[in-house]
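Asker: After the C-alpha cells below, expect a handful of questions from me.
The values are calculated or read from the model by the stated rules, or taken from the named source; none is laboratory data. Because the structure is predicted, anything quoted here is derived from the model rather than measured. Cβ atoms come from the backbone with ideal geometry, glycine included; neighbour counts cover every protein chain shown. When the accessible area is computed, the model is the full protein with side chains, heavy atoms only, and any ligands, DNA or RNA have been set aside. Shrake-Rupley method; radii C 1.70, N 1.55, O 1.52, S 1.80 Å.
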Amino acid sequence: MIDVTDRHCRFFHRLLAPRAVLYSEMTTTGALRFGDQGRHLNFNESEHPVVLQLGGSEPDELAFSARLGEKWGYDEINLNCGCPSERVQRGAFGACLMREASLVADCIRAMQDAVSVPVTVKHRLGLDGTTDYGFVQDFVGKVYDAGCRVFIVHARHAILGGLSPKENREIPPLQYDLAAQLKVEFPDARFVLNGGLASVADCLAEMKRFDGVMLGRAAWHDPAILGELSVALGHCEQVMPEEDVIAAMIDYAGSQVAVGVPLRVVVKPLLGWFQGRRGARQWRRTLSDNTLLNLNDPLLIERAWTDLVGQARPEPA
C-alpha cells in the first residue's frame, strides 16, 4: 500500500471506522535513517490505534526505526515480509525475507529489545515454488520463537519472478484454509487474514476462524465498506453521517493546505467513497479536475458533495 495509506488516507478512514487498527504505508529503514523523518512519521492523533509498517532486513536499522516509531507515538511496529515488488526485492526485504526466517527472527528480537510496543509481522504463505504448508509453518515457528505473537497473513503465495505486484494480488490462488491451519498450530498467537476480502459478508465469515481481518485495496477502492463493517462488528451504532464526514474533511484539508500540502494529495483517498452510487462519476470528476485542484480551495470538497447530492436526488414527477 505504498503511496496509498498515507496520513491523509488514514484520517479519512478513521472517520468511517472508529475502532479499526490503521496501518501506515510501508516505510523503509533507509528513508527513516537518511530522509525527512517528519514527512514519513507525522500523523494525526485521531488515527490511534495506528501501526508503523517497516521495510528492512538489518536488525540494527530496524531497531533504530522501531525506536523512532515508538517515539513518534505509534501503537505497534509491523515488519513487512509480504511485499513482492521488484523495488522491495532489490532492497532484500519484503516477501523475499520469508526465505530467511532466522534473519527475520533476529530482526524481531532486535525491535522487541528496542521498544515497549508490540512488534508484529505481515507475510505470505510461501514463495515461488515453495508451496507446501511446511514452509510457512517453519517461518511462523521461528518468528514465534523470537517472541512475535501477531501475524497478518496474506493468504497467497508470492511469485517473485514474472508477476507484477498487481498480478501477485490476483493470480496466486487464495488459500484461507492453509492460513487457518496456522491458527491451529499456534493457538496462543493472533492471526489476521488478508487478501481477497471484498465485502462485509466475506469479512464476517472469516472472523469466525481468524482473530481479525485486514482490508487493503478493498478499503481504497470502496471506502464505504469500512463503515459498514464497523457497524456489523458493533464498533459503532451507525456510520458517521456523510455530511459530517464532509465537514471534517473540509476542516482537515484547510489545516493541511495552510501548511503547504497540495489539496490533490488530501482528496485522493476520497475518490472511491461513493462507488456505485448515482453521481459518483461527477464526484470523482470534480475532485480530479486539475484546474480546480490547483486553486487549493478546501471548499472544492463541498462543491463535489453538492454536485453528488444533486444528482442523487430523484427528479420531480
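Asker: Name the residue that is farthest from GLY310 (Cα to Cα), counting only residues in the stretch 258-272 that are buried (at least 17 other Cβ atoms within 10 Å of the Cβ) and free of Cβ contacts under 8 Å to residues at least 60 places away in the same chain. Spell out how you get there, then give the answer.
Answerer: Taking the stretch 258-272 first, the residues buried (at least 17 other Cβ atoms within 10 Å of the Cβ) are 263, 266-272.
Retained after the next criterion (residues that are free of Cβ contacts under 8 Å to residues at least 60 places away in the same chain): 263, 267, 271-272.
Details: LEU263: 23, VAL267: 20, LEU271: 17, GLY272: 18 Å.
Looking at residues that are buried (at least 17 other Cβ atoms within 10 Å of the Cβ) and free of Cβ contacts under 8 Å to residues at least 60 places away in the same chain, I get LEU263.
Asker: May I pose another question? From SER230, SER164, SER199, which residue is of a type in the set (S, T, N, Q), surrounded by fewer than 14 Cβ atoms within 10 Å (Cβ to Cβ) and over 25 Å from PHE93 (Cα atoms)?
Answerer: On the way: SER230 fails: surrounded by fewer than 14 Cβ atoms within 10 Å (Cβ to Cβ); SER164 fails: over 25 Å from PHE93 (Cα atoms).
Testing whether each residue is of a type in the set (S, T, N, Q), surrounded by fewer than 14 Cβ atoms within 10 Å (Cβ to Cβ) and over 25 Å from PHE93 (Cα atoms) leaves just SER199.
Asker: Would you check which residues across the stretch 172-196 are open to solvent by 50 Å² or more (accessible area, probe 1.4 Å) and under 23 Å from LEU22 (Cβ atoms) and list them?
Answerer: ARG190
Asker: Restricted to the stretch 211-234, and to residues that are assigned to a loop (DSSP other than H, G, I, E, B) and within 18 Å of the chain's Cα centre (by Cα), which residue is modelled with the lowest pLDDT? Outline the logic, then answer.
Answerer: Taking the stretch 211-234 as the starting set, the residues that turn out to be assigned to a loop (DSSP other than H, G, I, E, B) are 211, 215-216, 222-223, 233-234.
Then drop every residue that is not within 18 Å of the chain's Cα centre (by Cα), which leaves 211, 215-216, 222-223.
On the way: ASP211: 97, LEU215: 96, GLY216: 92, ASP222: 95, PRO223: 96.
Residue satisfying both the conditions and the ranking: GLY216.
Asker: If we scan the stretch 301-311, do we find a residue that is among the β-branched types (Val, Ile, Thr), in contact with a Gly (Cβ under 8 Å, 6 or more places away or on another chain), part of a helix (DSSP H, G or I) and open to solvent by less than 70 Å² (accessible area, probe 1.4 Å)? Don't jump to the end; show me each part of the working.
Answerer: Step one: filter the stretch 301-311 for residues among the β-branched types (Val, Ile, Thr), giving 301, 306, 309.
Now drop any that are not in contact with a Gly (Cβ under 8 Å, 6 or more places away or on another chain), which leaves 309.
Remaining after also requiring part of a helix (DSSP H, G or I): 309.
Imposing the further condition that a residue be open to solvent by less than 70 Å² (accessible area, probe 1.4 Å) reduces the set to 309.
Yes.
Asker: Here is a further query. Quick check, is ARG277 open to solvent by 30 Å² or more (accessible area, probe 1.4 Å), part of a loop (DSSP other than H, G, I, E, B) and within 26 Å of ARG217 (Cβ to Cβ)?
Answerer: Here the answer is yes, as ARG277 does meet what is asked.
Asker: Related question: Out of (1) modelled with pLDDT under 95; (2) on the phi > 0 side of the Ramachandran plot, the odd one out for ASP132 is which?
Answerer: Only one criterion in (1) modelled with pLDDT under 95; (2) on the phi > 0 side of the Ramachandran plot is unmet by ASP132, namely (2).
Asker: Check LYS142 against each of (1) part of a helix (DSSP H, G or I); (2) buried (at least 19 other Cβ atoms within 10 Å of the Cβ) and name the one condition it does not meet.
Answerer: LYS142 satisfies every listed condition except (2).
Asker: When GLY134 is evaluated against the numbered criteria (1) open to solvent by less than 40 Å² (accessible area, probe 1.4 Å); (2) touching a residue at least 24 places away in the same chain (Cβ under 8 Å), which criterion, by number, is the only one it fails?
Answerer: All conditions pass for GLY134, except number (2).
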